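Remarks on the structure that follows.
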Amino acid sequence: MSTRAGRVAVVFEPGPQRVRARVSGEIDMDDAADLYEDLHAALDAGRRGLDIDLADVRFCDSSGLHALLDLNRTALEAGKTIALTAVSRPVARLLRITGADSVLTLHGRTPPAAPEFRTGIRRYGPTAHLTPAGELGTDPGSVLAEVSAALDGVDVVACDMRDLTSLDLMGLHRLLDFVRGLDARGITVFAYNWQPQPRRLLSLVEELYPPADPRTTLLRSLRESAAAAGGAGAAQTGEDTARSAFPDPA
C-alpha cells in the first residue's frame, strides 16, 4: 500500500509483527502532519511496532523531526517500538545536530558525515568560479573570509553548488553575508546546480520574508541564476579555447 502527501511518498509493507514504511521525498511543515497520520495508522496496524526507512528522504525540517519524535512517544505508550532502519545523509545530520539520534532507535548503518566545508577557486580574468563542497553549517571557519579576500579585481563570481551537500540556517546566513559583502564591492554572484536540501531551505526561508525585502531578492537570485551562470561558464570555455589556440610565446 502506498500513500502520497504533497512532496512525500510512503510505501507500506505489512508484516506478521511489524509494518515497514519506506518514505521518500521532502518532509516539511506542509506535509509533516499528514505523514504523521499515515505512519500512526501503520503503527496501529503493527502488533509490535513500525520500521521506517528514510534513505530516500532528500529534505527534513524540524516539523518532520517532531513528527518522528511524537510517533516514537505514541509507540512507547502503546507498548510498541519505532525503529529507523535507514536514513539519508540530510536526516542523519538533523538527528545528529539535534541529539535526536540518542532518542530514536536507529538500526543499520548511517551515512558518514559529509567532508568539512571547503571551496575551490579558479580565476579567468575578471570571472571567478567557486566550487563549495561539504556541509555549510554553524561554523564554516575562515573559509568564506579567505575566499572573499581572494576576489580582488573580480567582477563576476559563478558558484557551482553541486558538491554542497547540506546547508543549515546559520550556514545560509553566513552565505548571505558573504554574497552581500561581494555585492557591496560591485561583484555579481551567480549560483547554480543546487542540491535538493540547500535548494529547499532557500525556498522555505524566502517564504518568510515579504516580497520587497532585500533578503527575498537575494535568496531568489541565488536560486534562479543558473542561466546567467551558464553564460559565465560559456565565457570560460571560450577563453580556455582561445588560450589553447593561441598559446603564449615561449
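The values are calculated or read from the model by the stated rules, or taken from the named source; none is laboratory data. Worth saying up front: this structure is predicted, and the values here are computed from it rather than measured. Here the Cβ positions follow ideal geometry from the backbone for every residue, glycine too, while neighbour counts run over all protein chains shown.
Only residues that are at pLDDT below 85 and either part of a strand (DSSP E or B) or of a type in the set (A, V, I, L, M, F, W, C) (or both): list them for the range 140-166, please.
Looking only at the range 140-166, we keep the residues that are at pLDDT below 85, and these are 140-142, 165-166.
The answer is 165, 166.
Residue 129 versus (1) under 24 Å from residue 222 (Cα atoms); (2) free of Cβ contacts under 8 Å to residues at least 40 places away in the same chain; (3) assigned to a strand (DSSP E or B): which is the lone unmet condition?
(2)
Tell me, which residue of the range 90-101 that is of a type in the set (Gly, Ala, Ser) and modelled with pLDDT under 90 is surrounded by the most Cβ atoms within 10 Å (Cβ to Cβ)?
92
Matching residues to (1) over 23 Å from the mean Cα position of the chain (by Cα); (2) assigned to a strand (DSSP E or B); (3) under 29 Å from residue 204 (Cα atoms):
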position	(1), (2), (3)
10	no, yes, yes
13	yes, yes, no
16	yes, no, no
36	no, no, yes
39	yes, no, yes
58	no, yes, yes
63	no, no, yes
85	no, yes, yes
90	no, no, yes
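If I filter the range 13-35 down to residues being touching a helix residue (DSSP H, G or I) at 6+ places or on another chain (Cβ under 9 Å) and modelled with pLDDT of 95 or more, which single residue comes out as surrounded by the fewest Cβ atoms within 10 Å (Cβ to Cβ)?
Quick first cut of the range 13-35, residues touching a helix residue (DSSP H, G or I) at 6+ places or on another chain (Cβ under 9 Å) only: 14, 19-21, 23, 26-33, 35.
Cutting the leftovers down to modelled with pLDDT of 95 or more gives us 19-21, 23.
Values: 19: 22, 20: 17, 21: 25, 23: 23.
Per the stated criteria, the residue is 20.
Just a yes or no: is a residue in the range 103-110 within 21 Å of the chain's Cα centre (by Cα) and exposed (fewer than 14 other Cβ atoms within 10 Å of the Cβ)? It would help to see each step written out before you state the result.
Keep residues of the range 103-110 that are within 21 Å of the chain's Cα centre (by Cα), which gives 109-110.
With the extra rule that they be exposed (fewer than 14 other Cβ atoms within 10 Å of the Cβ), the set shrinks to 109.
Scanning the range 103-110, I find at least one residue that is within 21 Å of the chain's Cα centre (by Cα) and exposed (fewer than 14 other Cβ atoms within 10 Å of the Cβ), so the answer is yes.
Please tell me if residue 130 is over 22 Å from the mean Cα position of the chain (by Cα) and either in the same structural domain as residue 189 (by TED's automatic domain parsing) or modelled with pLDDT of 90 or more (or both). So that I can check it myself, show each step before the final result.
On the way: over 22 Å from the mean Cα position of the chain (by Cα): no; either in the same structural domain as residue 189 (by TED's automatic domain parsing) or modelled with pLDDT of 90 or more (or both): yes.
Considered against the rule, which asks whether it is over 22 Å from the mean Cα position of the chain (by Cα) and either in the same structural domain as residue 189 (by TED's automatic domain parsing) or modelled with pLDDT of 90 or more (or both), residue 130 comes out as no.
Just to be sure, is residue 76 surrounded by 17 or more Cβ atoms within 10 Å (Cβ to Cβ) and outside the structural domain of residue 136 (by TED's automatic domain parsing)? Write out each step before concluding.
Numbers: surrounded by 17 or more Cβ atoms within 10 Å (Cβ to Cβ): no; outside the structural domain of residue 136 (by TED's automatic domain parsing): yes.
So residue 76 fails the test.
Does residue 130 qualify as being surrounded by 15 or more Cβ atoms within 10 Å (Cβ to Cβ), touching a strand residue (DSSP E or B) at 6+ places or on another chain (Cβ under 9 Å) and over 30 Å from residue 142 (Cβ atoms)?
No.
Which condition number does residue 186 fail, the rest of (1) assigned to a helix (DSSP H, G or I); (2) out of contact with any helix residue (DSSP H, G or I) (no Cβ under 8 Å at 6 or more places or on another chain); (3) at pLDDT 75 or above being met?
All conditions are met except number (1).
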